[in-house]
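Visitor: Sharing a structure here in structure tokens format.
The values are calculated or read from the model by the stated rules, or taken from the named source; none is laboratory data. In this text the structure is predicted, and so the values were computed from the model without any measurement. Cβ sites come from the backbone with ideal geometry, for glycine too, and all protein chains shown count toward neighbours.
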Amino acid sequence: MSFSNANNIVISGGTFINTHETGSVGSSSLALLSSKIASGAFHNSAERFDPPKCHPNTREAILQTIMNWLDDPAKLAQVMWIYGSAGVGKSAIAQSIAEMCFNSGKLVGSFFFGRGAPNRHTETLFISTLAYQLMQSLPQIRTSVLKTIEQDPQLFSLSLEDQMQKLIIGPLNSTVQDEDGGIDLRSRTATLIVIDGLDECDHSKAQRYVLDVLSASIKRIEIPVSILICCRPEQIIREAFNEEPLMSFTTRINLDNISDDTDVDIKTFLLSEFQSLKCNHPAKDHFPPIWPSVNEMTELILRSSGHFIYASTVIKYIGSRRHSPITRLSYILQQSIPATDTPFAALDALYQQILMGVDDLDSAFKIIATLLLENSSILPPTATSIELLHSFQPGMVKIALCDLHSIVHVPEGPEESLWMYHASFSDFLFDGERSGRFSLDGAATHAMLASAVLKLSTSSIKHFHTSVLLYDHYDYFRFRYPDMALRLQKELYAIDLAGLLSSLRDVAYAYWDELNRLGEFLTNLNRLPCSDQEDDLITHHLQFFVEWITLALSGPIRKFTGDSRKLKEANISIDAILEVFSSATSSLAATPDERQRIKRCCMRVFEILKSDIILLPDDRDSNAVALIDIKGHIDSLLPQDTKARHFNFNRKHRTKPAGAASSWSTAGKEVQDRIATNNQDTLQDPVPRLEDQDSGRRSLKRLFKRVLSLS
């Protein structure tokens with residue numbers, strides 16, 4: 001039939017197919033759209049060949065959770081945000097879900113951002129790339145998309161909001177409004193768009209821009225569309241998900257909160273990969289029957305810290321066909337990797353990339369060093385404690401770490417604990433070959449922390465009095481490295497140990513259990529090189545330590561000095577005190593000779609105390625005078641209103657050792673001579689007062705030095 005030259009023809013019924021797009025205009029629109037897409041962002045692009053995805057039999061629970069959410073027709077949350085620390089496996093999950101949904105016809109689009117990758121590192125081609133995939137997955141919108149481009153070829157230079165409206169929202173909604181055309185897309189129960197690595201989009205403002213466009217558009221689409229977003233919880237991204245309207249229709253999964261399941265999955269992955277090596281490696285015939293051992297597997301899992309990136313990096317290094325897997329595993333576990341090998345290059349690049357985005361590296365490194373080196377039993381790893389330690393303003397920890405949430409757990413509450421996600425991060429930081437300009441010097445870092453602890457201890461004594469003591473932080477002085485910063489040496493000499501301890505004189509008796517820890521503190525001081533000073537640290541500070549011990553004895557001494565007979569009969573064992581003190585001071589020197597010297601000094605001091613107190617005769621002889629001298633020392637060192645304290649050691653005192661005659665009268669002759677020339681009333685007074693508040697301390701120091709010289 002020919003319709004040439006026909007007029008006024010009416011045709012009813014039949015089916016019409018619009019083939020306009022196949023003409024020159026349709027082809028030009030498709031060509032223009034094709035030139036404005038990032039094909040490397042597709043889940044199956046050649047550019048992303050062999051992308052990371054979940055190993056078989058791993059991540060099964062999380063994958064099932066995502067599919068259950070997608071297939072739920074009654075769900076209120078149209079967006080799912082999967083987030084977690086760097087290397088925890090977010091991209092592998094996104095890839096696996098994209099492949100599963102592509103095979104089942106549920107995937108309509110994806111965009112895998114990639115830092116530094118052509119066209120995948122910006123938001124510029126984000127909407128046009130999704131529109132192209134939607135058009136391919138949903139033929140019903142093809143005509144509408146191409147017609148829109150034909151009518152406005154410059155729309156790709158418009159804002160993302162306008163592109164979203166014209167290329168995605170309009171075409172999708174047109175299928176609902178067109179009662180005569182095709183399948184109603186509202187009948188689809190599962191339509192998924194996958195977006196991965198949004199944090200790898202170049203600028204934080206662009207990341208927020210993408211989320212703002214999605215949140216403003218999702219409710220305007222009249223067909224059911226679900227969006228899966230996988231990325232790190234960077235500051236700008238967290239803010240977007242914590243604000244309306246995105247917060248109200250988003251469900252979220254923190255991969256760092258399911259570490260137990262992750263450890264099991266990592267073990268499954270490692271076992272599978274090691275089995276593959278046993279079957280396929282050229283040296284397989286030389287592998288031990290049981291390899292790797294249970295301990296080796298456990299160590300690898302611990303070092304992975306719930307992060308697949310470490311486990312996969314190790315497997316790639318061990319599995320080299322040109323090297324022995326047994327030898328390379330040994331390198332990894334013993335941390336003795338040859339300088340020519342770079343097994344952690346990918347992991348190092350990840351860490352460096354994260355650190356490059358930090359504005360205040362100095363503050364961030366102080367916090368990180370505290371978390372890596374600090375003993376949590378001494379200082380709780382909370383924002384409040386760290387801010388106190390480093391004299392930060394309140395809230396500074398959150399500010400300094402705002403760009404490091406992918407490697408540091410930063411809780412909302414200031415009293416909740418922070419921690420590092422990656423066990424391997426400390427290896428990276430303390431290895432200058434790996435971390436480059438981001439490296440930390442071990443000795444300098446320890447010195448910085450020790451200095452901060454000293455300052456905190458000095459200031460905290462004033463604020464907390466008895467709750468924060470200098471020796472509570474002795475662990476910071478156990479340096480891993482032989483060198484120490486000169487600045488710290490000077491600060492250690494400048495410690496006002498006498499002032500700190502004297503501020504505790506009214507409560508010193510309560511700290512016998514801590515004497516051993518204070519002894520260890522002094523031990524570590526003694527190990528530090530201080531050749532540029534007149535006295536070594538142990539000589540410099542030990543006299544104050546001995547003085548403090550004497551203060552702690554003040555309770556039983558003062559209680560009984562007024563009644564010599566009662567003192568003799570009292571059930572107080574100075575031997576018990578001596579045992580505690582000897583235990584505390586037995587480690588005050590590094591060599592056996594030094595330890596013996598210090599111990600002899602301390603024992604001599606306490607033998608004097610024993611002979612003058614426990615075996616005091618009834619008549620007033622030289623020992624009595626010496627006792628009054630002790631009493632004078634104690635009274636001069638203690639506040640005048642301090643009440644007598646009493647120890648109950650629940651031990652019987654021992655007999656006087658042979659030849660243990662009092663030598664106090666010799667050591668303290670100057671004070672004894674003064675007392676002996678006093679009138680009878682003064683001698684009868686059991687609590688004589690010294691003229692100067694500091695004279696008792698000076699006398700005690702002279703005693704210590706004399707005993708030291710006699711040793």
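Visitor: Scanning segment 241-273 for residues that are in contact (Cβ under 8 Å) with a residue 12 or more places away in the chain and not in a helix (DSSP H, G or I), which turns out surrounded by the fewest Cβ atoms within 10 Å (Cβ to Cβ)?
Guide: Top of the filtered list is Pro245.
Visitor: Hey, could you check segment 290-327 for residues that are touching a Pro at 6+ places or on another chain (Cβ under 8 Å) and of a type in the set (Ser, Thr, Tyr) and say which is surrounded by the fewest Cβ atoms within 10 Å (Cβ to Cβ)?
Guide: Going through the qualifying residues, I end up with Tyr317.
Visitor: Would you point out the residue of segment 428-450, among those that are surrounded by fewer than 16 Cβ atoms within 10 Å (Cβ to Cβ) and of a type outside the set (Gly, Ala, Ser), that is farthest from Ala364 (Cα to Cα)?
Guide: Here the residue is Glu433.
Visitor: Could you tell me which numbered condition Ile378 fails, if it satisfies all but one of (1) β-branched (Val, Ile, Thr); (2) at pLDDT below 90; (3) over 30 Å from Leu333 (Cβ atoms)?
Guide: Checking Ile378 against (1) β-branched (Val, Ile, Thr); (2) at pLDDT below 90; (3) over 30 Å from Leu333 (Cβ atoms), the one that fails is (3).
Visitor: Just wondering, is there one or more residues in segment 39-54 that are under 29 Å from the mean Cα position of the chain (by Cα), among the hydrophobic types (A, V, I, L, M, F, W, C) and either part of a loop (DSSP other than H, G, I, E, B) or not assigned by the TED database to the domain that holds Leu214 (or both)?
Guide: Within segment 39-54, one or more residues are under 29 Å from the mean Cα position of the chain (by Cα), among the hydrophobic types (A, V, I, L, M, F, W, C) and either part of a loop (DSSP other than H, G, I, E, B) or not assigned by the TED database to the domain that holds Leu214 (or both).
Here is a yes/no grid of residues against (1) β-branched (Val, Ile, Thr); (2) in contact with a His (Cβ under 9 Å, 6 or more places away or on another chain); (3) at pLDDT 95 or above; (4) farther than 15 Å from Ile195 by Cβ:
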position: Gly116; (1), (2), (3), (4): no, no, no, yes
position: Phe126; (1), (2), (3), (4): no, no, yes, no
position: Ile149; (1), (2), (3), (4): yes, no, yes, yes
position: Ser174; (1), (2), (3), (4): no, no, no, yes
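Visitor: Got a sec? Which of Asp152, Asp202 is closer than 30 Å to Ile407 by Cα, surrounded by fewer than 16 Cβ atoms within 10 Å (Cβ to Cβ) and not hydroxyl-bearing (Ser, Thr, Tyr)?
Guide: Asp202
Visitor: May I ask you to say which residue of Leu440, Leu418, Leu401 is among the aliphatic types (A, V, I, L, M), touching a residue at least 40 places away in the same chain (Cβ under 8 Å) and farther than 25 Å from Ile337 by Cβ? Walk me through how you get there before you give the answer.
Guide: Working: Leu440 fails: farther than 25 Å from Ile337 by Cβ; Leu401 fails: touching a residue at least 40 places away in the same chain (Cβ under 8 Å).
Only one candidate passes the filter, namely Leu418.
Visitor: Please determine whether any residue of segment 202-220 is small (Gly, Ala, Ser) and not in a helix (DSSP H, G or I). First the steps, then the outcome.
Guide: Pass one, segment 202-220, residues small (Gly, Ala, Ser): 204, 206, 215-217.
If we keep only those that are not in a helix (DSSP H, G or I) as well, we get none.
The answer is no, given that none of the residues of segment 202-220 is small (Gly, Ala, Ser) and not in a helix (DSSP H, G or I).
Visitor: Exactly one of (1) hydrophobic (A, V, I, L, M, F, W, C); (2) outside the structural domain of Asp196 (by the TED database); (3) within 28 Å of Pro411 (Cβ to Cβ); (4) in contact with a Leu (Cβ under 8 Å, 6 or more places away or on another chain) is unmet by Cys231. Its number?
Guide: The failed condition is (2).
Visitor: Something else about it: List every residue pair whose Cβ atoms sit under 9 Å apart, with the two residues 6 or more apart in sequence or on different chains, where the first one lies in segment 81-103 and is within 15 Å of Ser137 (Cβ to Cβ) and the second, anywhere, is assigned to a loop (DSSP other than H, G, I, E, B) and of a type in the set (A, V, I, L, M).
Guide: Note: pairs meeting the criteria are Cys101/Ala190.
Visitor: Find the helices (runs of 4 or more DSSP H) located wholly in segment 302-415 whose residues include 2 or more that are in contact with a strand residue (DSSP E or B) (Cβ under 7 Å, 6 or more places away or on another chain), and list them.
Guide: Fully inside segment 302-415 and qualifying: 361-373.
Visitor: Answer with yes or no whether Thr370 is closer than 18 Å to Ser439 by Cβ and in contact with a helix residue (DSSP H, G or I) (Cβ under 7 Å, 6 or more places away or on another chain).
Guide: Against the criterion (closer than 18 Å to Ser439 by Cβ and in contact with a helix residue (DSSP H, G or I) (Cβ under 7 Å, 6 or more places away or on another chain)), Thr370 qualifies.
Visitor: Checking Thr124 against (1) in a loop (DSSP other than H, G, I, E, B); (2) without any contact (Cβ under 8 Å) to a residue 12 or more places away in the chain; (3) closer than 30 Å to Asn68 by Cβ: exactly one of these is not met. Which one?
Guide: (3)
Visitor: In this structure, does Ala190 turn out to be touching a residue at least 12 places away in the same chain (Cβ under 8 Å), closer than 20 Å to Gln78 by Cα and not aromatic (Phe, Trp, Tyr)?
Guide: yes
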